[in-house]
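Only one structure is covered here, and it is reproduced in the block below.
The values are calculated or read from the model by the stated rules, or taken from the named source; none is laboratory data. Model, not experiment: these values are computed from the prediction. Please note: Cβ atoms are built from the backbone with ideal geometry, for glycine as well, and neighbour counts cover all protein chains shown.
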Amino acid sequence: MPGNTFGQQFRLTTFGESHGAALGGVVDGCPAGLLLDLAAVQQELDRRRPGSTSLGTARNEGDRVEFLSGVIDPALVNGVPGPVRDGIVVTLGTPIGFVLRNQDARSGDYDGLKNIYRPGHADLTWELKYGLRDHRGGGRSSARETACRVVGGAIARQLLARQGTVVQAYASRVGQQVLAIPASQLCFDGLWSDPVRCPDASTSARMAALIEQVRSEGDSVGGVVSCLVQNVPSGLGEPVFSKLDADLAGAMLGINAAKGFQIGSGFGAAVMRGSDHNGSMIRANAAGGGPDTSGEPPAVRSSNANSGGTLGGISSGEDIHFSVAFKPPATIALPQRTVDVGMREVTLEAKGRHDPCVVPRAVPIVEAMTCLVLADHLLRQRTARL
């Protein structure tokens, strides 16, 4: 099957199924000489893994990443500034291969689903396309695959850090509970100790209560993950195809359960007038205002954030801010009407271990896909001009 590789210059290819022996991937195009912090990569996996939040699935995978190629101990090569602390490897510029072994798969939980099409899942469309399917946890269509994206995104993040770029996602909505604080006023300290991944304690408490309520009712609930990207280099993205915002949209809508994307003013732009939406272009120095005495070209900023940090599909150097809407998880404990492979109507009462809301565990996945897009465009930009 095609469609397992993401990116052009910085590329991630993934493999594996939810209940197979292992998942894994190959990162290709990462430049040689990047000092890679393996503990930081593992930390990002820990934020996504099953069991990482009390509000998620009871499946408990360790998700310990094993690197097979593409990195080496800095002590073994010349040209690496030292000393380098333990847990740091250097990239060779060759394909970086890795695996994540499945350890807590309980395939027997899915025995009753072998001949049933689950409402809201890819069971039917997968079988229509391939003529067969792996019913155990959804096979490759399972969100389990996104663990590989987090590894690739963690490597991309460390490449972006050399430019000072910071990517921070967070839960901004669960059901009717909405975070009303503007992104520019949020404090992300302690975000990863919060079970919902919401940067406001009172809003998080309401979100958590709602998730627990729907779980007790055997139901599920959707929500929104927002993402703020700071210190973005200007000039990323292409003016026709491969616009930066279009590639971000494609990356986000490629995440399991994602159903909507908006950047900047988003759908709100539909009810605005140009005189309000455009804002003004403001000349400012690196300090954020006043006459420019640095000798550098003047920075130009918009007076509002309606563009979301891109103009004409190219990054302006301003903060990028976008949101991704996620549907409620399709697997619920309530009875649902469906059909089996013989087209007989049946009632499905699903079993297994599932998230009542994907938002908390989607936060690190949104970050990972954002990092992959930006790293890819950063490397592509190096060929755009002399």
**Study point:** Only listed residue being within 20 Å of the chain's Cα centre (by Cα) and aliphatic (A, V, I, L, M), chosen from V221, V240, V214
**Key:** V221
**Study point:** Top-ranked residue in region 338-374 [being free of Cβ contacts under 8 Å to residues at least 60 places away in the same chain and touching a Pro at 6+ places or on another chain (Cβ under 8 Å); ranked as nearest to I255 (Cα to Cα)]
**Key:** E349
Check your understanding: Quick check: is even one residue across region 127-144 of a type in the set (A, V, I, L, M, F, W, C), buried (at least 20 other Cβ atoms within 10 Å of the Cβ), under 30 Å from C30 (Cα atoms) and in contact (Cβ under 8 Å) with a residue 60 or more places away in the chain?
Key -> yes
Review point. Looking at (1) over 23 Å from R301 (Cα atoms); (2) among the aliphatic types (A, V, I, L, M); (3) over 20 Å from the mean Cα position of the chain (by Cα), can you tell me which one L191 breaks?
Key: (3)
Check your understanding: Restricting attention to region 163-179, and to residues there that are part of a loop (DSSP other than H, G, I, E, B) and on the phi < 0 side of the Ramachandran plot, which single residue is modelled with the lowest pLDDT?
Key -> Q163
Revision key, fill the gap. By residue number, the members of region 1-23 that are at pLDDT below 95, crowded, with 20+ Cβ neighbours inside 10 Å and at positive phi are G16
Practice item. Would you mind stating whether Q381 is surrounded by 18 or more Cβ atoms within 10 Å (Cβ to Cβ), over 22 Å from F261 (Cα atoms) and of a type in the set (S, T, N, Q)? Key: yes
Revision key, fill the gap. Among helices (runs of 4 or more DSSP H) entirely inside region 180-286, those with 1 or more residues being under 20 Å from E318 (Cα atoms) and either in contact (Cβ under 8 Å) with a residue 12 or more places away in the chain or hydroxyl-bearing (S, T, Y) (or both) are 244-253, 274-277
Check your understanding: How many residues does region 224-247 hold that are under 12 Å from T310 (Cβ atoms), among the hydrophobic types (A, V, I, L, M, F, W, C) and out of contact with any Ser or Thr (no Cβ under 7 Å at 6 or more places or on another chain)?
Key -> 1
Revision key, fill the gap. Within region 25-35, restricting to residues that are more than 16 Å from N78 (Cα to Cα) and among the hydrophobic types (A, V, I, L, M, F, W, C), the one that is surrounded by the fewest Cβ atoms within 10 Å (Cβ to Cβ) is V26
Review point. Mind checking whether some residue in region 24-37 is farther than 22 Å from I88 by Cβ, in contact with a helix residue (DSSP H, G or I) (Cβ under 8 Å, 6 or more places away or on another chain) and either modelled with pLDDT under 85 or among the hydrophobic types (A, V, I, L, M, F, W, C) (or both)?
Key: no
Review point. For the subset of region 351-383 comprising residues that are assigned to a loop (DSSP other than H, G, I, E, B) and farther than 15 Å from A143 by Cβ, which member is nearest to the chain's Cα centre (by Cα)?
Key: R382
